[in-house]
Ligand code: NAD
Ligand code: TYD
């Protein structure tokens, strides 16, 4: 039996990871530890709420005492950290919470891992490499973050490396490319475009829309995290993505095509400051452990569109609350 603390488990990737792990490892106990910020949502875990192998603890990763109680109460042996502030545009508007949660919160979890002798896995991002003009990022490349979000995630990665070298905490890091799939908060571009298109609202494309991202299906990413957690070597970093990039405008056109909506819904708006025009990952290190993504971009997008079409109960609630104020602030002046 293993007892895992999944921090940030009520968010998009976290809730998909919990579901994935319950299927893959029937003898594990998973404790979701989550502050339930605007992005955390127990609706994401509604279908497994009565599973006896799962428990939920509401708490902040910056609160050392609460983290330690959760570890003691549930006899935790492993931390998988997904808790973070995650949206680049919000980090540009107000970086404060990003530094607190993504950097200081990671430090608190590392201290707990050191104190209790725990295995630690960090769910990191490809954004720490910065804008990749040519070629693809390898795990040994330098970090060149260009947004407050990316910088705070890079700070976390560096702390994790330090805890491995200095205190021998058994750590691994995965650096994932952009995820898409069920339960993604509709501030991120793909669910934003899908839900706007369903309602015949404009799709705000930043700048020329020629930026590139490696959009991967969330469950492929979860499989990569699971593999690095179980077979990764302590102290190592593993990139997770499809290794193929898509131009944002093409993604927008495909969303509209899948929903049978006109391309006239595409509206170019002012670009994001410091916009990274391209991310690209070399994923050969994780492939060497036997991992490969099961979905192409097109398959991943089709499944994602389908899910949002079938699950209006989930996203309409979100889009009618505080989200409206965020949307106005973010897009009105553009
Ligand atoms: P998300 O915003 O959907 O969820 C984040 C979760 O963390 C929420 O449930 C939130 O309530 C929780 N949280 C935030 N601050 C907290 C705190 N102080 N204490 C406890 N819980 C807190 O994010 P996501 O897209 O699921 O991303 C999860 C992780 O994966 C993040 O670390 C992110 O950096 C990383 N990542 C995301 C992507 C992506 O495409 N979404 C890609 C690569 C890596
Ligand atoms: P996003 O989902 O915010 O992820 P990332 O962290 O990679 O920036 O944005 C993905 C891409 O889509 C990025 O190039 C910015 C672009 N984008 C838009 O064109 N319009 C939007 O409204 C948003 C949110 C993003």
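The values are calculated or read from the model by the stated rules, or taken from the named source; none is laboratory data. Because the structure is predicted, anything quoted here is derived from the model rather than measured. Cβ sites come from the backbone with ideal geometry, for glycine too, and all protein chains shown count toward neighbours.
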Which number in (1) assigned to a strand (DSSP E or B); (2) over 30 Å from residue 144 (Cβ atoms) marks the one condition that residue 299 misses? (1)
Can you confirm whether region 115-127 contains a residue that is more than 20 Å from residue 185 (Cβ to Cβ), within 15 Å of the chain's Cα centre (by Cα) and touching a residue at least 12 places away in the same chain (Cβ under 8 Å)? yes
What single numbered condition from (1) crowded, with 18+ Cβ neighbours inside 10 Å; (2) within 14 Å of ligand 1 (Cβ to nearest atom); (3) in contact (Cβ under 8 Å) with a residue 40 or more places away in the chain fails to hold for residue 110? (2)
Tell me, yes or no, whether region 218-235 has at least one residue that is assigned to a strand (DSSP E or B) and either surrounded by fewer than 22 Cβ atoms within 10 Å (Cβ to Cβ) or touching a strand residue (DSSP E or B) at 6+ places or on another chain (Cβ under 9 Å) (or both). no
Going residue by residue through region 84-99, is there one that turns out to be in the same structural domain as residue 10 (by TED's automatic domain parsing) and in contact with a strand residue (DSSP E or B) (Cβ under 6 Å, 6 or more places away or on another chain)? no
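State whether the residues of region 9-22 include one that is free of Cβ contacts under 8 Å to residues at least 12 places away in the same chain, surrounded by fewer than 22 Cβ atoms within 10 Å (Cβ to Cβ) and assigned by TED's automatic domain parsing to the domain that holds residue 230.
Residues of region 9-22 that are free of Cβ contacts under 8 Å to residues at least 12 places away in the same chain, as a first pass: none.
Checked region 9-22: no residue is free of Cβ contacts under 8 Å to residues at least 12 places away in the same chain, surrounded by fewer than 22 Cβ atoms within 10 Å (Cβ to Cβ) and assigned by TED's automatic domain parsing to the domain that holds residue 230.
With the requirement that a residue be in contact with a helix residue (DSSP H, G or I) (Cβ under 8 Å, 6 or more places away or on another chain) and more than 9 Å from ligand 2 (Cβ to nearest atom), what does region 197-206 give you? Break it down stepwise before answering.
Within region 197-206, the subset in contact with a helix residue (DSSP H, G or I) (Cβ under 8 Å, 6 or more places away or on another chain) is 197-198, 200-206.
If the condition is that a residue be in contact with a helix residue (DSSP H, G or I) (Cβ under 8 Å, 6 or more places away or on another chain) and more than 9 Å from ligand 2 (Cβ to nearest atom), then 197, 198, 200, 201, 202 are the ones that fit.
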If you go through 333, 290, the only one that is modelled with pLDDT under 95 and more than 14 Å from ligand 2 (Cβ to nearest atom) is 290
Restricting attention to region 192-207, does a residue exist that is surrounded by fewer than 23 Cβ atoms within 10 Å (Cβ to Cβ) and within 16 Å of ligand 1 (Cβ to nearest atom)? yes
